[in-house]
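The values are calculated or read from the model by the stated rules, or taken from the named source; none is laboratory data. What you are looking at is a predicted structure, and each value in this text was computed from that prediction instead of being measured. Every residue, glycine among them, receives a Cβ derived from its backbone with ideal geometry; neighbour counts consider all protein chains shown. All accessible areas refer to the heavy atoms of the entire protein, side chains included, with ligands and DNA or RNA removed. Shrake-Rupley method; radii C 1.70, N 1.55, O 1.52, S 1.80 Å.
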Amino acid sequence: MSEIRPQIDEAQLAHLRTWLGKSQTTTDQITQAPVRSLSATLDRDDAAPVAGTDLPPLWHWLYFLPHARQSEIGEDGHPTRGGFLPPVALPRRMWAGGRLVWETGNPLQVGQEVQRVSTIRSVNHKTGRSGELLFVLVEHRFSNPNGLALTEEHDIVFRAAAEPGAPDPAPQKPPLAGQAAWSRQIVPDDVLLFRYSALTFNGHRIHYDRKYVTGVEGYPGLIVHGPLIATLLLDLLRRNLPDATVRKFSFKAVRPTFDLHAFSVHGKPSADGKSVELWAEDHEGWLTMQGMAELA
């Protein structure tokens with residue numbers, strides 16, 4: 001295999017790092033319709049939300065959506081780069097993971113007006129076995145009329161285009177494989193992926209355009225949204241511990257999940273009941289996402 005030639009040199013990296021500290025403030029209303037729609041998409045039988053209904057953990061991803069004009073959309077379906085996010089030259093963009101902390105006693109609720117302050121905290125570059133990577137860490141702070149409600153760190157990874165013969169990431173077995181207390185199988189059909197893309201106003205073509213994702217980005221099938229898998233992990237917790245309150249949640253995407261096969265989500269509470277290990281596996285049992293929820 002030929003030597004990997006970085007596309008981002010020191011001068012380009014220095015330019016990208018001028019985005020450090022860049023901040024953006026937006027507001028949104030926590031309305032009822034997206035909550036009803038995601039409940040249906042996740043096949044839940046929740047009561048209709050009313051003003052004052054607590055927003056389930058991670059469902060804030062239904063709000064503060066990008067609304068770029070059609071003329072500002074790039075080839076991959078994302079808004080063109082160089083606005084809030086740095087203009088990274090690497091073509092493949094993924095949600096790599098995140099860490100969230102909910103403030104005790106101040107939940108986001110239906111009917112509230114919420115402010116989000118987003119800040120770019122780091123820009124890091126590396127080259128590994130699978131190619132060149134650039135990581136951007138964005139911090140989001142969400143405040144409702146009662147003050148700070150949620151702090152989120154969002155990891156975005158930009159990757160080089162697929163190279164013929166490049167090695168795939170080494171698959172891993174889940175550390176708790178075979179020890180799950182709860183499990184659920186998910187069929188990632190076109191309708192599920194379309195509904196989640198529509199709900200989050202996500203135009204990224206890797207989730208719905210099979211010709212693009214296989215022919216341009218070099219993947220074998222449509223990619224299941226990382227945020228959807230993370231939401232399904234916490235949804236599994238809610239189905240089994242409906243009265244629990246999630247105080248913290250961290251997750252990391254380990255391996256892409258494709259629509260070619262069913263996948264599964266799993267959970268195991270700690271012995272003291274204060275936390276839950278959560279993970280997703282593909283159809284072969286390889287780890288695709290790993291998470292940890294701490295309960296209040």
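Starting from region 254-274, take each residue that is under 20 Å from Y219 (Cα atoms) and list its partners that are assigned to a loop (DSSP other than H, G, I, E, B) and among the small types (G, A, S), counting only C-beta distances under 8 angstrom and pairs at least six apart or across chains.
Going by the 8 Å Cβ cut-off, the qualifying pairs are F258/G221; D259/G221; L260/G221.
Can A68 be described as over 17 Å from the mean Cα position of the chain (by Cα) and open to solvent by 40 Å² or more (accessible area, probe 1.4 Å)?
Details: over 17 Å from the mean Cα position of the chain (by Cα): yes; open to solvent by 40 Å² or more (accessible area, probe 1.4 Å): no.
No; evaluated as a whole, the condition is false for this residue.
With surrounded by fewer than 17 Cβ atoms within 10 Å (Cβ to Cβ) and in the same structural domain as T25 (by the TED database) as the only criterion, which of N124, N144 stands out? Don't jump to the end; show me each part of the working.
On the way: N144 fails: surrounded by fewer than 17 Cβ atoms within 10 Å (Cβ to Cβ).
After applying the criteria, what remains is N124.
Those residues that are open to solvent by less than 40 Å² (accessible area, probe 1.4 Å), part of a helix (DSSP H, G or I) and out of contact with any Lys or Arg (no Cβ under 8 Å at 6 or more places or on another chain), I need them from region 207-220; list them, please.
H207
Of everything in region 230-256, what is buried (at least 18 other Cβ atoms within 10 Å of the Cβ), touching a Pro at 6+ places or on another chain (Cβ under 7 Å) and not in a helix (DSSP H, G or I)? Give them in sequence order.
V246, F249
Can you find a residue that is polar (S, T, N, Q), open to solvent by less than 70 Å² (accessible area, probe 1.4 Å) and closer than 19 Å to Q185 by Cα anywhere in region 265-279? Break it down into steps so the answer makes sense when it comes.
In the first step, residues of region 265-279 are kept if they are polar (S, T, N, Q); the result is 270, 275.
Add one more test, that the residue is open to solvent by less than 70 Å² (accessible area, probe 1.4 Å), and what stays is 270, 275.
Filter once more, so that each one left must be closer than 19 Å to Q185 by Cα: none.
Looking for residues that are polar (S, T, N, Q), open to solvent by less than 70 Å² (accessible area, probe 1.4 Å) and closer than 19 Å to Q185 by Cα, one finds none in region 265-279, hence no.
Starting from residues that are closer than 21 Å to Q24 by Cβ and without any contact (Cβ under 8 Å) to a residue 40 or more places away in the chain, keep the ones in region 71-113 and report whichever is farthest from the chain's Cα centre (by Cα).
S71
Working only within region 176-193, note down all residues that are open to solvent by 90 Å² or more (accessible area, probe 1.4 Å) and either assigned to a loop (DSSP other than H, G, I, E, B) or touching a helix residue (DSSP H, G or I) at 6+ places or on another chain (Cβ under 8 Å) (or both).
Matches in region 176-193: V187 only.
Within region 85-106, which residues are closer than 18 Å to I206 by Cα, open to solvent by 40 Å² or more (accessible area, probe 1.4 Å) and in a loop (DSSP other than H, G, I, E, B)?
A89, P91
Of all residues in region 281-296, which are closer than 30 Å to G105 by Cα, open to solvent by less than 10 Å² (accessible area, probe 1.4 Å) and of a type in the set (A, V, I, L, M, F, W, C)? I'd like the intermediate steps shown before the answer.
First pass over region 281-296, keeping only residues closer than 30 Å to G105 by Cα: 289-296.
Narrowing the set further to residues that are open to solvent by less than 10 Å² (accessible area, probe 1.4 Å) leaves 289, 291, 293.
Listed by number, the residues that qualify are M289, A293.
Check region 72-93 and report whether any residue there is under 25 Å from F249 (Cα atoms) and modelled with pLDDT under 95. Even if it seems obvious, please write down each step before you answer.
Narrowing region 72-93 to residues under 25 Å from F249 (Cα atoms): 85, 93.
Then drop every residue that is not modelled with pLDDT under 95, which leaves 85, 93.
Scanning region 72-93, I find at least one residue that is under 25 Å from F249 (Cα atoms) and modelled with pLDDT under 95, so the answer is yes.
Taking the conditions exactly as written (in contact (Cβ under 8 Å) with a residue 40 or more places away in the chain, in a loop (DSSP other than H, G, I, E, B) and either in contact with a Cys (Cβ under 7 Å, 6 or more places away or on another chain) or open to solvent by less than 70 Å² (accessible area, probe 1.4 Å) (or both)), does D28 satisfy them or not?
Working: in contact (Cβ under 8 Å) with a residue 40 or more places away in the chain: yes; in a loop (DSSP other than H, G, I, E, B): no; either in contact with a Cys (Cβ under 7 Å, 6 or more places away or on another chain) or open to solvent by less than 70 Å² (accessible area, probe 1.4 Å) (or both): yes.
Answer is no for this residue.
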